[in-house]
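Here the structure comes first, spelled out in structure tokens, and everything after it is commentary.
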Amino acid sequence: MSTLKVAIVGTGGIALQNHLPGLAMCGGVRVTALCDTNPATLEAASKQVDGAVCSSRYEEIVTRDDVDAVIIATPNVSHAPIALAAIGAGKHVMCEKPIAITSADSRAMAAAADAAGVRHMTAFTYRFVPAMRYLRHLIDRGDLGQPYHFRSCRLQDWGTRNLGWRQVKALAGTGELGDMLSHRINFAEHLVGPMSRLIANVKNLTPVRGGQPNDTDDWVAIIADFTNGATGVLESSKLASGRNESWRSLDYVEINGSEASFEFSTGKWNELQYGRLGGPGMAPLPVPREFWTWPGSPRDPGAGDPLVAFRYDQAFEFVDAIRNQRPATPGFHEGASVVRIMEAALESAAAGRWISLEK
């Protein structure tokens, strides 16, 4: 196809900050349609896209002949029905995480996309951080040795402000678990492998946010065993007072193995911390320039804010997978695995016991 025609369903902050700039970076791509149930949000997005058809009904958008691919950035509860409708219409789909509320829906999305032969992708944005990609390369090369421990800690200071639909369980499914820890669950499986069992806890410490009810979790922690024998500890919170937000707050991953340890922070996009077995301690390890952008991406790593611009490579991966008729990374199957683990975490928190993840 000479021009790839894309529709965006859900035109709020993520669409404006990540998806539109990413698509604009890709040559031969045109956003032909926009959809949002909020008229003001839709109008704001339409001012950034010339000539796009606008609608409040996704059913009208995903079936259009002038749409080849759909990006879904709506509240979590609507991900599955929109994705299944788009797949049914033969469209390629990228969906924000978590891709569904339930494990059954996420598996249905992956199976439907495979059966239809369309490209499918989960928007795990942080997978495109150069330091993350280099860490995976080093692990694949054997520098870590046998994995022993994985730990991640995501601490932000969101106070008690209103979070809109994200604080409504009926729309979001979960709070911090799906919002932030879902990324780190994917980190864990990407770097270490599948989890075999877990025990978890969640807490809601702010039942009122911005004067409105909040029935979602503010804090979550998981202890996990992996099928290769490694262990994992994952924690995430919106209530770490004084920690600030976004890249200014703590977003830390460490992995320890038989030969070495590596530390990764999303705030240091081009650097890891590295320590070898029996060595003097952790020291900086620069990320080689070949990892600064996704393979084939036209993005200039010297342009824009490097702690934001890496996200645009996500759009390139989706577009390139469509053009070359290959699987996109990460796909719906990775998204479904994370939903399954989230579901198990909630079950564990409610029951107060370990939950098996073995198939």
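The values are calculated or read from the model by the stated rules, or taken from the named source; none is laboratory data. All values derive from a computational prediction rather than experimental measurement. With ideal geometry, Cβ positions are generated from the backbone for all residues, glycine too; neighbour counts draw on all protein chains shown.
For segment 253-269, how many residues are surrounded by 15 or more Cβ atoms within 10 Å (Cβ to Cβ) and modelled with pLDDT of 95 or more?
Of the residues in that region, 9 qualify.
Among all residue pairs at least 6 apart or on different chains, which show Cβ distances below 6 Å where the first residue, located in segment 71-100, is within 22 Å of residue 316 (Cβ to Cβ) and the second is among the basic types (Lys, Arg) and surrounded by 22 or more Cβ atoms within 10 Å (Cβ to Cβ)?
Once the first residue is within 22 Å of residue 316 (Cβ to Cβ) and sits in segment 71-100, its partners that are among the basic types (Lys, Arg) and surrounded by 22 or more Cβ atoms within 10 Å (Cβ to Cβ) give 92/119.
Checking the conditions here, which among 37, 32, 74 is assigned to a strand (DSSP E or B) and under 28 Å from residue 308 (Cβ atoms)?
Of the residues listed, the single one that is assigned to a strand (DSSP E or B) and under 28 Å from residue 308 (Cβ atoms) is 32.
Failed condition for residue 44, given (1) in contact (Cβ under 8 Å) with a residue 12 or more places away in the chain; (2) surrounded by fewer than 17 Cβ atoms within 10 Å (Cβ to Cβ); (3) closer than 24 Å to residue 187 by Cβ; (4) not polar (S, T, N, Q), with all others met?
Single failed check for residue 44: (3).
Would you please name the residue that is surrounded by the fewest Cβ atoms within 10 Å (Cβ to Cβ), looking only at residues in segment 102-115 that are assigned to a helix (DSSP H, G or I) and among the polar types (S, T, N, Q)?
103
Only one of 215, 225 is acidic (Asp, Glu), surrounded by fewer than 21 Cβ atoms within 10 Å (Cβ to Cβ) and touching a Ser or Thr at 6+ places or on another chain (Cβ under 6 Å). Can you tell me which?
225
Given the structure, is residue 241 under 27 Å from residue 281 (Cα atoms), assigned by TED's automatic domain parsing to the domain that holds residue 195 and among the hydroxyl-bearing types (Ser, Thr, Tyr)?
No, not satisfied.
Out of the residues in segment 125-154 that are charged (D, E, K, R) and farther than 20 Å from residue 201 by Cα, state the one that is surrounded by the fewest Cβ atoms within 10 Å (Cβ to Cβ).
Of everything passing the filter in segment 125-154, 141 is surrounded by the fewest Cβ atoms within 10 Å (Cβ to Cβ).
Could you tell me whether any residue of segment 118-141 is outside any strand (DSSP E or B), of a type outside the set (A, V, I, L, M), assigned by TED's automatic domain parsing to the domain that holds residue 225 and touching a Leu at 6+ places or on another chain (Cβ under 6 Å)?
no
Would you say residue 157 is in the same structural domain as residue 206 (by TED's automatic domain parsing), surrounded by fewer than 20 Cβ atoms within 10 Å (Cβ to Cβ) and within 20 Å of residue 308 (Cβ to Cβ)?
On the way: in the same structural domain as residue 206 (by TED's automatic domain parsing): yes; surrounded by fewer than 20 Cβ atoms within 10 Å (Cβ to Cβ): yes; within 20 Å of residue 308 (Cβ to Cβ): yes.
Answer is yes for this residue.
Can you confirm whether residue 28 is more than 25 Å from residue 333 (Cβ to Cβ), small (Gly, Ala, Ser), surrounded by fewer than 17 Cβ atoms within 10 Å (Cβ to Cβ) and over 24 Å from the mean Cα position of the chain (by Cα)?
On the way: more than 25 Å from residue 333 (Cβ to Cβ): yes; small (Gly, Ala, Ser): yes; surrounded by fewer than 17 Cβ atoms within 10 Å (Cβ to Cβ): yes; over 24 Å from the mean Cα position of the chain (by Cα): yes.
The answer is yes for residue 28.
Looking at 82, 99, which one is in a loop (DSSP other than H, G, I, E, B), under 22 Å from residue 330 (Cβ atoms) and in the same structural domain as residue 322 (by TED's automatic domain parsing)?
Selected residue: 99, the only one of 82, 99 that is in a loop (DSSP other than H, G, I, E, B), under 22 Å from residue 330 (Cβ atoms) and in the same structural domain as residue 322 (by TED's automatic domain parsing).
Going through segment 248-296 one residue at a time, which ones are farther than 17 Å from residue 148 by Cβ and without any contact (Cβ under 8 Å) to a residue 24 or more places away in the chain?
Those that are farther than 17 Å from residue 148 by Cβ and without any contact (Cβ under 8 Å) to a residue 24 or more places away in the chain: 248, 280, 281, 283, 284, 285, 286, 289, 290, 295.
Tell me, yes or no, whether segment 52-66 has at least one residue that is in contact (Cβ under 8 Å) with a residue 60 or more places away in the chain, more than 24 Å from the chain's Cα centre (by Cα) and closer than 28 Å to residue 297 by Cα.
yes
Only one of these is without any contact (Cβ under 8 Å) to a residue 60 or more places away in the chain and in contact with a helix residue (DSSP H, G or I) (Cβ under 8 Å, 6 or more places away or on another chain): 141, 127, 136. Name it.
After applying the criteria, what remains is 136.
Restricting attention to segment 53-66, which residues are of a type outside the set (Lys, Arg) and either surrounded by fewer than 23 Cβ atoms within 10 Å (Cβ to Cβ) or not in a loop (DSSP other than H, G, I, E, B) (or both)?
53, 54, 55, 56, 58, 59, 60, 61, 63, 65, 66 - these are the residues of segment 53-66 that are of a type outside the set (Lys, Arg) and either surrounded by fewer than 23 Cβ atoms within 10 Å (Cβ to Cβ) or not in a loop (DSSP other than H, G, I, E, B) (or both).
Among the residues of segment 193-235, write down those that are among the acidic types (Asp, Glu) and within 16 Å of residue 349 (Cβ to Cβ).
215, 217, 218, 235
Please tell me if residue 225 is under 20 Å from residue 339 (Cα atoms) and either over 21 Å from the mean Cα position of the chain (by Cα) or at pLDDT below 95 (or both).
On the way: under 20 Å from residue 339 (Cα atoms): yes; either over 21 Å from the mean Cα position of the chain (by Cα) or at pLDDT below 95 (or both): yes.
The answer is yes for residue 225.
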